[in-house]
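The values are calculated or read from the model by the stated rules, or taken from the named source; none is laboratory data. Everything quoted here is computed from the prediction, not taken from an experiment. Here the Cβ positions follow ideal geometry from the backbone for every residue, glycine too, while neighbour counts run over all protein chains shown. Heavy atoms of the whole protein, side chains included, go into the accessibility calculation; ligands, DNA and RNA do not. Shrake-Rupley method; radii C 1.70, N 1.55, O 1.52, S 1.80 Å.
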There are 2 protein chains.
Amino acid sequence: MTPSTQRPGRRRCEDVRLRGFSSRVSVEEAAAWLDAHGERLAAEDVAARQAVGRVVAGPLRAAASYPAALRAAEDGYALRSRETIGAGTYNPLRLALRPFDAPLGEGAAALVTAGSGLPAGADAVLPFSAAQVDGAWLEVTGAVAEGAGVEREGQDVRSGAEPVATPRLLRPEDAALLAALGLERLSAVRRPRVRLVVAGPKRAAGASTADADGPVLERLVARDGGVVEGVVRAAGGRSALASAMAPPGADAILVVGRTGTGPDDEAPLALSEVGELVLHGVALRPGGSAGMGLAGAAPVVLLPGAPLACQCAYELLAGRLVRRLGGRDPRLPHAVEEAEVRSKIVSAVGFVDACWVRLADGRAEPIASAEDAGLGAAAGADGFVLVPAPLEGYPPGSRVTVYRYDH
Amino acid sequence: MTPSTQRPGRRRCEDVRLRGFSSRVSVEEAAAWLDAHGERLAAEDVAARQAVGRVVAGPLRAAASYPAALRAAEDGYALRSRETIGAGTYNPLRLALRPFDAPLGEGAAALVTAGSGLPAGADAVLPFSAAQVDGAWLEVTGAVAEGAGVEREGQDVRSGAEPVATPRLLRPEDAALLAALGLERLSAVRRPRVRLVVAGPKRAAGASTADADGPVLERLVARDGGVVEGVVRAAGGRSALASAMAPPGADAILVVGRTGTGPDDEAPLALSEVGELVLHGVALRPGGSAGMGLAGAAPVVLLPGAPLACQCAYELLAGRLVRRLGGRDPRLPHAVEEAEVRSKIVSAVGFVDACWVRLADGRAEPIASAEDAGLGAAAGADGFVLVPAPLEGYPPGSRVTVYRYDH
């Protein structure tokens, strides 16, 4: 089962139909080719209010300080801290209550609420628990240090500062930062336009599963920040596939189905016809009949039609391309969990093998190997393990990284 | 700083304005009250194609087996495995090539492709690497075992099986399973309808940050599976807030701002007026002025207006309610990572304290504590740590759970 691996682009890809793959490219080399053809897209100007979920491209520089001026961080009484020295329950000091929106004279205090500006002269906010109101007077029953209960100008973000290292995906929480900084427009990486080309069912196939791949891929592309510009159903064979790949406009083209060794597996030939098939056959299970190349300037990834093979090739190859084009972290977006293997994980040497697992108490129980996994088993899994090509699996007790489905 | 905690509902909530909180409810008790008022909503019938991202409610039972019949799992030649016994490179055996769509006679083989049905009589698929075509004949140069290269009826999912334990959030990948099972409709938990009531700026506040909370909450509610049915801006005080809470129709109401101890912090009073304020003041930092109660049948969560306090109270309290109503895992949805504390994390005893951290090489470096955190620091963090109420922090070298922002 050990495939001889080859470097992409070294030779013309063979026609594998009715023959099988005589050699395969390693997952690492396939990923390297995608990385070389997945340069981050140019930035565009977007409204800050629509920017959550986008990757901010340029520096996110604060146009003004936040807070813009000294202000109360808590509800209480603004005052001069030195005037509270020595105050206590048995030594209450009296200050005159004044309005908060005028400069504060000596011996005075003003009621303020969190977020409001401090009257000139005040340097601290006394909490309610250390004060009693007595008509127009405040009895101070505790001392407060200079700066207590206040925020300085720019304490949170100074004017000109760059609180976020870019490029970075903007989180829901960042909407508050953008509002605080008064940013209305910002520069975000353009979302990759992805064309999905779904091959029609094979002539010999009683049932097609390719229609199941389209809905999955549309959602995975969206998850990775891409925009599916269109789903093209290429019924018929090579010429229909070629016609679907030919038009320019997409940043990436994903072709689903017709990548294998059957007589009508013509996606690789169609790519050769319309552009360049750079590699076909990856040392990955499931998903090993994936291929890639160029149609005009657009990188094309050929994905197997079998659903799990399609998903696996998307996650490790096509998804990486989409994520890179959009300026995201190219690695798998799943949350990872280190776990101990409960039962032996088997894998083919020479292939990166996916193995679906259930997680319980920090232990991973394999429920389906790359060879026998089906949709039912994968749906029942909590995540998957990737076994590197040199290994033939993991014995019980090994520590493995699980890519979780639930994040 | 240790608050005396109280059980919710034991006594009428005090008016904390100009006084401060004399007691607070623990985060656990507040969460328990929300859990008691956040029963999973009823299920509704939805189209399977729109069901990804929804929580499937009832059992997801396969209406038919998948595959529906014996089929080829690989491209190759369907044949009777016993007729290949003894075949080898130096002992090729000859079989007659026949079409795949007719029953297979003795001594015959048929070209099949992955996913196609097997002709009657065949029990295995021979790979191309073990065969040579010679006109109308196939030379078999390797033996194949019964069942090799084929999938049995129902091997993936048997008719009547329930491949997914429900309730469960449907993943992008599940779209393929639903298509394979031929499911067109399914039963999903209704998405919680959430009303956001945003209080207008306080009279004494120079700048309002409440407008920054709305956009954040809209996205966090969507992340948790809720539907924001409307954002109501309640300018003015108590009566405007009460009017916004009063109309029925929402499964949950989140009121933002006006929860503190200032003179116009009237959200708790408004809730008392229109329904019942059950608790006000939670031993949580930031976010400790949160409150909750009922407006008619709808649970109401009062969230502080200060952005980080709002986010923190949403994540630990309101978000938990939204997730439970929608049938999701009520715990924080962030990916978690165990990390070693690099520098001391400080925290107030008696409060669950959030501490924002940067992660590097499996170590967590605190960059802002509950007391001094601002939007800038939080935006620069990779995640946050929650310090339980009994602890005063974590010394360097401690192991902590980090809730990551990037998942």
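Go through region A:112-127 and count every residue that is more than 7 Å from chain B (Cβ to nearest Cβ) and on the phi < 0 side of the Ramachandran plot.
Number of matching residues: 8.
Give the residue that is farthest from B:Phe21 (Cα to Cα), with candidates limited to residues of region A:67-86 that are in contact with a Ser or Thr (Cβ under 7 Å, 6 or more places away or on another chain) and not in a loop (DSSP other than H, G, I, E, B).
Out of the qualifying residues, it is A:Arg71.
Restricting attention to region B:57-102, which residues are open to solvent by less than 40 Å² (accessible area, probe 1.4 Å) and within 11 Å of chain A (Cβ to nearest Cβ)?
Of everything in region B:57-102, those that are open to solvent by less than 40 Å² (accessible area, probe 1.4 Å) and within 11 Å of chain A (Cβ to nearest Cβ) turn out to be B:Leu60, B:Ala62, B:Ser65, B:Tyr66, B:Pro67, B:Arg71, B:Ala72, B:Asp75, B:Gly76, B:Tyr77, B:Ala78.
Anything in region A:170-200 that is within 30 Å of A:Val255 (Cα to Cα), open to solvent by 10 Å² or more (accessible area, probe 1.4 Å) and touching an Asp or Glu at 6+ places or on another chain (Cβ under 8 Å)? List them, or say none.
A:Arg190, A:Arg193, A:Arg195
Go through B:Val336, B:Val357, B:Val349, B:Val322 for me and flag whichever is touching a Phe, Trp or Tyr at 6+ places or on another chain (Cβ under 8 Å), on the phi < 0 side of the Ramachandran plot, away from chain A (no Cβ under 11 Å) and not hydroxyl-bearing (Ser, Thr, Tyr).
Exactly one residue qualifies, and that residue is B:Val357.
Kindly provide the set of residues from region B:210-259 that are open to solvent by less than 20 Å² (accessible area, probe 1.4 Å), within 12 Å of chain A (Cβ to nearest Cβ) and either within 19 Å of the chain's Cα centre (by Cα) or of a type in the set (A, V, I, L, M) (or both), ordered by number.
B:Ala210, B:Ala212, B:Val216, B:Leu217, B:Leu220, B:Val221, B:Asp224, B:Val256
Go through region A:376-397 and give me each residue that's open to solvent by less than 20 Å² (accessible area, probe 1.4 Å), more than 25 Å from the chain's Cα centre (by Cα) and at negative phi.
Answer for region A:376-397, where residues must be open to solvent by less than 20 Å² (accessible area, probe 1.4 Å), more than 25 Å from the chain's Cα centre (by Cα) and at negative phi: just A:Gly376.
Are any residues in region A:289-303 open to solvent by 10 Å² or more (accessible area, probe 1.4 Å) and within 14 Å of chain B (Cβ to nearest Cβ), and if so, which ones?
Scanning region A:289-303 gives a single hit, A:Ser289.
Going residue by residue through region B:309-322, is there one that turns out to be without any contact (Cβ under 8 Å) to a residue 40 or more places away in the chain, closer than 23 Å to B:Val56 by Cα and in contact with a helix residue (DSSP H, G or I) (Cβ under 9 Å, 6 or more places away or on another chain)?
no
Restricting attention to region B:153-163, report how many residues are surrounded by fewer than 19 Cβ atoms within 10 Å (Cβ to Cβ), facing chain A (nearest Cβ under 9 Å) and within 29 Å of B:Arg324 (Cβ to Cβ).
Looking only at that region, the number is 1.
Return the pairs, sorted by first residue and then second, in which the second residue is in a strand (DSSP E or B) and open to solvent by less than 10 Å² (accessible area, probe 1.4 Å), the first residue lies in region B:178-204 and is farther than 30 Å from A:Ser116 by Cβ and at the interface with chain A (Cβ under 8 Å from one of its Cβ atoms), the beta carbons are less than 7 Å apart, and the residues are 6+ apart or on different chains.
Here the result reads none, with nothing in region B:178-204 linked to a residue that is in a strand (DSSP E or B) and open to solvent by less than 10 Å² (accessible area, probe 1.4 Å).
Listed here are the residues, each with its yes/no results for (1) closer than 30 Å to A:Ala130 by Cα; (2) at pLDDT below 95.
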| position | (1), (2) |
| --- | --- |
| A:Arg19 | no, yes |
| A:Val46 | no, no |
| A:Ala68 | yes, yes |
| A:Leu93 | yes, no |
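Regarding B:Gly262, is this residue part of a loop (DSSP other than H, G, I, E, B), open to solvent by less than 50 Å² (accessible area, probe 1.4 Å) and either touching a Lys or Arg at 6+ places or on another chain (Cβ under 8 Å) or of a type outside the set (D, E, K, R) (or both)?
For B:Gly262, the condition - part of a loop (DSSP other than H, G, I, E, B), open to solvent by less than 50 Å² (accessible area, probe 1.4 Å) and either touching a Lys or Arg at 6+ places or on another chain (Cβ under 8 Å) or of a type outside the set (D, E, K, R) (or both) - is met.
Of the residues in region A:87-100, how many are in a loop (DSSP other than H, G, I, E, B) and in contact with a strand residue (DSSP E or B) (Cβ under 7 Å, 6 or more places away or on another chain)?
4
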